[in-house]
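The values are calculated or read from the model by the stated rules, or taken from the named source; none is laboratory data. Remember, predicted model here, so these are calculated numbers, not experimental data. Neighbour counts run over all protein chains shown; Cβ positions are idealised from the backbone, glycine included.
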Amino acid sequence: MFQFSKYQGLGNDFLIMDGRLGQLPDSVTHPDAAWVQLLCNRHFGVGADGLILALPPEANADLRMRIFNADGSEAEMCGNGIRCLARFLADSDGNPPGTRWAIETPAGLIRPELQPDGQLRVDMGSPFLIPDQIPTTLSIGPCGLPEGEVDLNGHQLEVAAVGMGNPHVIVPVDDLQTIPFVHWGESLEVHPFFPAKTNVHFLKVHDRNHLEIRVWERGAGPTLACGTGACATLVAAVLLGLADELAEVKLPGGSLLVSWTGRTGPVLMTGPAMAVFDGVITPELAPVLSTAKDSGPTQPSEELTPDSDQRQPGVDSDVSAEDEAAALAKVASFLENTSLDSMLNLASESLEERTRARYERDRT
Ligand code: ZDP
């Protein structure tokens with residue numbers, strides 16, 4: 001039985017699966033794009049903008065995160081998603097405000113911190129402004145970032161590109177409501193200037209500390225919010241001379257506070273993240289088990305605490321043959337001696353436990 005939790009950050013919603021103890025099978029940790037598409041489908045599946053996996057770290061970090069867009073493609077980083085993951089960790093492990101996590105992502109080590117008001121402030125790392133690192137074929141312009149002009153059906157658009165581990169194009173416009181959003185969004189997402197495709201942000205500058213964007217996401221289309229996009233937009237607006245180093249970035253789903261102090265070093269993003277529901281994926285929706293080793297989720301053995309060395313015996317990649325045999329034997333005996341009903345009870349008990357813990361914490 002595959003448990004998941006649904007979380008959202010400004011309406012950007014994700015399914016989170018906890019595999020920090022190596023308990024998730026290959027079919028989940030290396031998911032088929034078709035399965036992710038089905039899971040994220042708002043009619044035939046659970047419905048979400050993406051799937052987030054919490055996995056054992058590969059180096060000296062608390063955990064590793066993988067994020068898959070609703071179309072099944074993998075992204076390097078996600079801003080709203082990593083706030084949701086941190087909130088999930090706090091809900092699951094009972095972490096107090098002030099807790100910081102070091103999370104491995106393809107975009108590098110990202111550090112969210114739980115705030116007293118329950119929001120997450122995230123050290124998003126430094127922006128990428130070198131064309132190859134974004135990646136884009138636009139060259140660096142007079143403002144110190146890749147800039148250029150794009151012709152879309154006779155419309156000359158001034159665009160700028162910034163990387164936050166994942167690619168973003170920022171398009172300043174006068175009015176967010178009158179632009180041909182869908183046409184420009186889908187055209188720019190796959191524009192040849194962006195060899196890995198790109199997330200697209202149409203930007204209205206209200207004043208130097210208040211920006212507003214409409215988001216067309218790579219691999220997801222229109223979303224209510226994009227955290228990495230809000231950060232990329234602030235960086236571009238600062239370099240283009242349109243904004244100060246601290247601004248509120250308004251999105252359809254709500255606002256984020258973003259800062260880039262001294263135009264060097266990390267971008268900081270602060271915003272909310274909330275649990276929506278916990279669930280169990282039915283066998284019909286479960287991923288097709290890919291290999292013999294892939295025997296479905298196993299029982300986690302030990303409690304987790306942040307900032308301690310997360311590497312548990314038997315979870316690191318160099319698992320000994322004995323450990324593997326022991327784990328497989330444990331799984332086989334668990335499956336043999338555990339009826340479907342008691343598996344279901346186990347699943348619902350731990351879901352209940354987490355929900356009760358969340359209520360307790362929010363009440364105190
Ligand atoms: O880079 C991409 O493909 C994005 N669609 C990934 C998701 C980004 C996200 N919306 C964010 O908040 O940064 C989660």
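Of note:
- Number of the exception - residue 208 against (1) modelled with pLDDT of 95 or more; (2) closer than 30 Å to residue 90 by Cα; (3) surrounded by fewer than 19 Cβ atoms within 10 Å (Cβ to Cβ): (2)
- Condition check for residue 266: part of a loop (DSSP other than H, G, I, E, B) and either under 21 Å from the mean Cα position of the chain (by Cα) or within 13 Å of the ligand (Cβ to nearest atom) (or both): yes
- Out of 127, 106, sole residue that is of a type outside the set (A, V, I, L, M, F, W, C) and surrounded by fewer than 24 Cβ atoms within 10 Å (Cβ to Cβ): 106
- Any hit, segment 78-85, residues being more than 14 Å from residue 275 (Cα to Cα) and modelled with pLDDT of 95 or more: yes
- Close Cβ contacts (under 8 Å, 6 or more residues apart or on different chains) running from residues in segment 224-241 that are more than 19 Å from residue 121 (Cβ to Cβ) to residues that are among the polar types (S, T, N, Q) comprise 224/12.
- A single member of 122, 190 is buried (at least 21 other Cβ atoms within 10 Å of the Cβ) and either within 14 Å of the ligand (Cβ to nearest atom) or within 22 Å of residue 260 (Cβ to Cβ) (or both), and it is 122.
- When 241, 219, 253 are screened for being modelled with pLDDT of 95 or more and within 13 Å of the ligand (Cβ to nearest atom), only 253 passes.
- Total residues in segment 185-224, condition under 20 Å from residue 250 (Cα atoms) and over 24 Å from the mean Cα position of the chain (by Cα): 7
- Output for segment 55-70, where each listed residue is in contact with a helix residue (DSSP H, G or I) (Cβ under 6 Å, 6 or more places away or on another chain) and over 18 Å from residue 124 (Cβ atoms): 68, 70
- 2 or more residues among the charged types (D, E, K, R): qualifying strands (runs of 3 or more DSSP E) within segment 1-115: 12-18, 63-69, 108-114
- One residue alone among 52, 16 is buried (at least 21 other Cβ atoms within 10 Å of the Cβ) and in contact with a Gly (Cβ under 7 Å, 6 or more places away or on another chain), and that residue is 52.
- For segment 22-55, taking the residues that are touching an Asp or Glu at 6+ places or on another chain (Cβ under 7 Å) and farther than 13 Å from residue 69 by Cβ, the one that is nearest to the ligand (Cβ to nearest atom) is identified as 54.
- Qualifying residue in segment 88-95 (condition: within 16 Å of the ligand (Cβ to nearest atom) and either within 14 Å of the chain's Cα centre (by Cα) or not hydrophobic (A, V, I, L, M, F, W, C) (or both)): yes
So that you can scan it fast, the table gives a plain yes or no per residue for (1) out of contact with any Gly (no Cβ under 6 Å at 6 or more places or on another chain); (2) free of Cβ contacts under 8 Å to residues at least 60 places away in the same chain; (3) crowded, with 17+ Cβ neighbours inside 10 Å:
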| residue | (1), (2), (3) |
| --- | --- |
| 36 | no, yes, yes |
| 40 | yes, yes, yes |
| 43 | yes, yes, no |
| 75 | yes, no, yes |
| 113 | yes, yes, yes |
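- Criterion (at pLDDT 95 or above and within 16 Å of the ligand (Cβ to nearest atom)) met by exactly one of 167, 142, 131: 167
- Number of positions in segment 149-173 that are closer than 19 Å to residue 229 by Cα and part of a loop (DSSP other than H, G, I, E, B): 4
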